[in-house]
Amino acid sequence: MAEIICIIGTKGGTGKTTLSHLLCHGLGLLGRRTACVMTDEYRDPLPPQGRRYIMADARSPQARTKVVEKLKELPGWMGVLDGGANRTDTDISLYEMSDLVLLPFRDSPEDLRTVMHDLELFPRAFALPSQWPKNKWQKEAAAKLIATMPADMQDRVLSPTYAVSASKLLLQSTPPEALPAALNNAAKAVACQVIDILGDDVAAVEASLREAAA
Ligand SMILES: Nc1ncnc2c1ncn2[C@@H]1O[C@H](COP(=O)(O)OP(=O)(O)OP(=O)(O)O)[C@@H](O)[C@H]1O
Ligand SMILES: [Mg+2]
């Protein structure tokens with residue numbers, strides 16, 4: 001069965017769409033067959049040309065269910081669902097469809113407040129620092145911000161995706177053929193992190209099956 005990852009969250013502009021494409025690109029670079037599924041009715045899906053992943057338009061609730069059901073039938077595929085801001089009901093339905101749920105957030109107090117609320121609402125979700133600063137001082141300030149979260153929430157914060165200005169190239173209708181190494185590296189890093197987390201789930205299932213059979 002395909003594995004489904006959704007990128008959701010209440011706040012706008014946290015980097016959901018960029019992260020969706022970055023992750024799909026990274027999974028593509030790692031040889032995984034991937035579909036980027038646009039669920040945001042306020043945005044147009046991008047054309048598929050020049051990408052290492054396919055694009056799916058699932059902006060209505062009906063299309064969403066059908067596209068995800070179809071994807072789930074495809075062994076070895078990964079589906080990345082790009083959410084939209086301020087849509088708690090839609091986020092709940094995307095959450096329920098997904099094997100892995102990512103909540104991108106930026107280094108601002110407002111982002112932190114919103115992501116903590118979302119972490120409470122979505123107990124299986126992980127928070128993913130997005131457009132994270134690389135500069136030493138800003139990075140330290142951002143780490144201090146995370147340190148203000150309750151410990152159990154800090155445990156659910158993944159490694160950051162750093163700010164990479166070239167990430168907007170993936171949001172062009174046709175990305176250039178040759179993409180900067182910094183972009184490809186960021187894409188592979190986030191894809192590896194996702195594969196690791198999903199792999200842990202596989203290990204947990206294997207362990208529980210062994211236990212059941214013993
Ligand atoms: N890793 C990144 N590095 C640099 N810029 C980024 C990164 N991720 C996102 N951005 C920029 O931040 C802005 C918002 O990103 P994006 O559209 O992906 O957010 P979103 O959460 O999908 O927004 P919306 O809530 O409107 O759907 C864009 O201008 C995008 O180019
Ligand atoms: Mg978006």
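The values are calculated or read from the model by the stated rules, or taken from the named source; none is laboratory data. Predicted model only: the values in this text are computed from it and were never measured. Counting neighbours? That spans all protein chains shown, and the Cβs are built from the backbone with ideal geometry, glycine included. SASA here: full protein model, heavy atoms, side chains in, ligands and nucleic acids out. Shrake-Rupley method; radii C 1.70, N 1.55, O 1.52, S 1.80 Å.
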Inset, instruction - Could you tell me which of Q62, S98, V37 has its Cα farthest along the dipole of segment 3-213 towards the positive end, charges placed at Cβ (Lys, Arg +1; Asp, Glu -1), taken about the Cα centre? - result: V37
Legend entry - Net charge over other residues, Cβ less than 12 angstrom from the Cβ of K72 (K, R count +1; D, E count -1): -2
Legend entry - Full-stretch length increase - A212, I92 - with 0.36 nm per residue and alpha-carbon distance subtracted: 40.1 nm
Legend entry - Given charges at Cβ of Lys, Arg, Asp, Glu: the chain dipole, positive-most of P75, F126, A142: A142
Legend entry - Prolate/oblate/rounded call for the chain, Cα gyration tensor, a/c under 1.5 rounded: rounded
Inset, instruction - For the chain, just give the cysteines left without a disulfide-compatible partner, judged by no other Cys Cβ under 4.7 Å. - result: C6, C192
Legend entry - Amide H within-cut-off set for W132, under 5 Å, with H built and near neighbours excluded: T161, Y162, A163
Legend entry - Charge sum, other residues only, whose C-beta stays under 14 Å from R52's C-beta, Lys/Arg counted +1 and Asp/Glu -1: +3
Inset, instruction - Hand me the tally of lysine pairs in the chain: alpha carbons under 18 angstrom apart, and the pair either on different chains or 8 or more positions apart. - result: 7
Inset, instruction - Within the set of other residues whose C-beta is less than 12 Å from the C-beta of L27, count the net charge using Lys and Arg as +1 and Asp and Glu as -1. - result: +4
Inset, instruction - Note the full-extension length gain between D200 and S108 as 0.36 nm times their separation in residues minus their Cα-Cα distance, in nm to one decimal. - result: 30.1 nm
Legend entry - Length gained when the stretch S60-R33 is fully extended (0.36 nm per residue, less Cα-Cα span): 7.3 nm
Inset, instruction - Leaving ligands, DNA and RNA out of it, work out the accessible area of H117 with a 1.4 Å probe and give it in Å² to the nearest 10. - result: 110
Inset, instruction - Might you report the magnitude of the Cβ-based charge dipole of segment 3-213 about its Cα centre, with Lys and Arg at +1 and Asp and Glu at -1, to the nearest 20 debye? - result: 700
